[in-house]
1. Within the range 301-340, which residues are open to solvent by 50 Å² or more (accessible area, probe 1.4 Å) and polar (S, T, N, Q)?
2. Considering every residue within the range 138-152, establish whether at least one is in a loop (DSSP other than H, G, I, E, B), surrounded by 16 or more Cβ atoms within 10 Å (Cβ to Cβ) and either outside the structural domain of VAL310 (by TED's automatic domain parsing) or away from the ligand (no atom under 11 Å from the Cβ) (or both).
3. Residues of the range 237-293 being in contact with a strand residue (DSSP E or B) (Cβ under 7 Å, 6 or more places away or on another chain) and open to solvent by less than 30 Å² (accessible area, probe 1.4 Å), which ones?
4. Considering only the range 24-73, how many residues are polar (S, T, N, Q) and outside any helix (DSSP H, G or I)?
5. Residues ALA198, ALA165, ALA228: which one is away from the ligand (no atom under 11 Å from the Cβ), open to solvent by 50 Å² or more (accessible area, probe 1.4 Å) and touching a helix residue (DSSP H, G or I) at 6+ places or on another chain (Cβ under 8 Å)?
6. Just to be sure, is ALA145 closer than 21 Å to GLN94 by Cα, modelled with pLDDT of 95 or more and of a type in the set (Gly, Ala, Ser)?
7. Can you say whether SER17 is under 15 Å from the mean Cα position of the chain (by Cα), part of a loop (DSSP other than H, G, I, E, B), among the hydroxyl-bearing types (Ser, Thr, Tyr) and under 24 Å from ALA295 (Cβ atoms), as far as the supplied structure shows?
8. Does TYR132 qualify as being among the aromatic types (Phe, Trp, Tyr), in contact (Cβ under 8 Å) with a residue 12 or more places away in the chain and surrounded by fewer than 19 Cβ atoms within 10 Å (Cβ to Cβ)?
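The values are calculated or read from the model by the stated rules, or taken from the named source; none is laboratory data. Note that this is a predicted model, so its numbers are computed, not measured. Here Cβ is always computed from backbone atoms with ideal geometry, including for glycine, and neighbour counts include all displayed protein chains. Ligands, DNA and RNA are excluded from the accessible area calculation, which covers all protein heavy atoms including side chains. Shrake-Rupley method; radii C 1.70, N 1.55, O 1.52, S 1.80 Å.
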Amino acid sequence: MTDHRTHRRVFSGIQPSGVPTLGNYLGAIRNWVRLQDDHECIFCVVDLHAITVWQEPRQLAAQTREMAASLIACGIDPAGQILFPQSAVRAHAQLAWIFNCVARLGWLNRMTQFKDKAGKDRENASAGLYVYPSLMAADILAYHATRVPVGDDQKQHLEFANDIAQKFNHDYDVDFFPPIEPLIMGPAARVMSLRDGAKKMSKSDPSDQSRINLTDDADTVALKIRRAKTDPHPLPSEPAGLEGRPEARNLVGIYAALADLPPETVLAEHGGKGFGAFKEALAELLVAHLAPIAAETRRLLADPAAIDAVLRQGAARAAAIADPITAEAERLVGFLALGG
Ligand code: TYM
């Protein structure tokens with residue numbers, strides 16, 4: 001078993017509830033690719049999480065495969081690292097049940113994502129959506145992973161996972177689950193909707209105009225950026241001038257992340273001008289980044305059996321790590337181990 005005091009295993013996940021967006025890419029996937037160089041990484045397409053809201057069964061399987069293809073096209077290396085669909089490794093659901101019994105209702109009641117997703121019709125939300133954070137804690141802790149690269153919106157869930165790890169260790173008087181370190185990186189840890197600077201860009205937003213999909217073609221990207229909501233003032237020359245201008249801040253953050261420049265440098269170059277020229281430069285930058293990813297995704301999807309083979313192998317490697325850790329958690333809880 002791994003020694004969590006010295007280990008730096010990375011785990012992260014993404015829901016196959018649609019095509020990945022620019023928010024997923026800049027907030028998470030791009031950082032996953034960078035972490036691969038000097039970490040052991042486990043990346044999971046979380047289909048168990050996706051069904052906490054309704055998914056068409058025929059589409060879910062296809063979207064899971066498409067998400068895996070997108071991740072590989074973005075630069076995830078499925079030979080060096082582990083990439084797999086969550087449902088293929090039973091340990092996630094098994095450990096999540098134990099965590100449901102460790103988590104307190106009071107903790108779950110504070111989760112803002114449940115409130116956002118359930119909306120006004122709370123009584124009609126699935127029970128799975130409510131206990132979603134326990135499953136997320138199990139995803140990470142089944143691997144004794146300690147570093148979790150995510151966008152800003154997942155911060156509260158990771159605090160919840162740390163609370164579960166601590167309470168489990170306390171209740172069973174062990175030092176078994178390690179503390180988790182959230183890695184929230186770069187100037188685009190929270191990419192906002194192109195239509196509303198107060199709303200997060202999301203793959204499940206009903207308006208396609210609100211987001212850039214990693215599969216959008218050059219014309220679509222240019223059009224969405226041209227139509228992106230802005231304000232009537234010119235761009236400021238310094239970041240302080242973005243105060244109270246969420247749409248402008250969002251576009252500058254996206255530009256800075258893509259160009260790998262601090263926002264100061266972006267504004268030093270583009271400040272003082274209207275949005276027209278800036279949007280054109282931004283669209284160009286986006287297309288330069290996304291066109292090769294879209295082309296590679298299409299190429300990979302031409303051979304679905306090859307993707308499935310990669311995922312099957314990833315699931316076997318994932319289970320080899322998660323199964324013994326989960327079995328040990330079950331032993332600590334006091335389940336009768338019958339062996340065999
Ligand atoms: P999901 O599928 O909503 O998003 C996947 C990753 O993309 C990040 N992200 C964003 N980052 C910046 N701006 C945005 N607009 C934006 N939208 C999404 C998310 O923060 C996330 O890192 N609960 C998770 C999936 C999950 C998971 C896990 C993550 C399940 N188990 C264990 C880490 C560890 C989710 O719904 O991500």
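1. GLN313 - this is the single residue of the range 301-340 that is open to solvent by 50 Å² or more (accessible area, probe 1.4 Å) and polar (S, T, N, Q).
2. Yes, because at least one residue in the range 138-152 is in a loop (DSSP other than H, G, I, E, B), surrounded by 16 or more Cβ atoms within 10 Å (Cβ to Cβ) and either outside the structural domain of VAL310 (by TED's automatic domain parsing) or away from the ligand (no atom under 11 Å from the Cβ) (or both).
3. Correct list: ASN250 only.
4. The qualifying residues number 2.
5. Exactly one residue qualifies, and that residue is ALA198.
6. Here the answer is yes, as ALA145 does meet what is asked.
7. yes
8. It is false that TYR132 is among the aromatic types (Phe, Trp, Tyr), in contact (Cβ under 8 Å) with a residue 12 or more places away in the chain and surrounded by fewer than 19 Cβ atoms within 10 Å (Cβ to Cβ).
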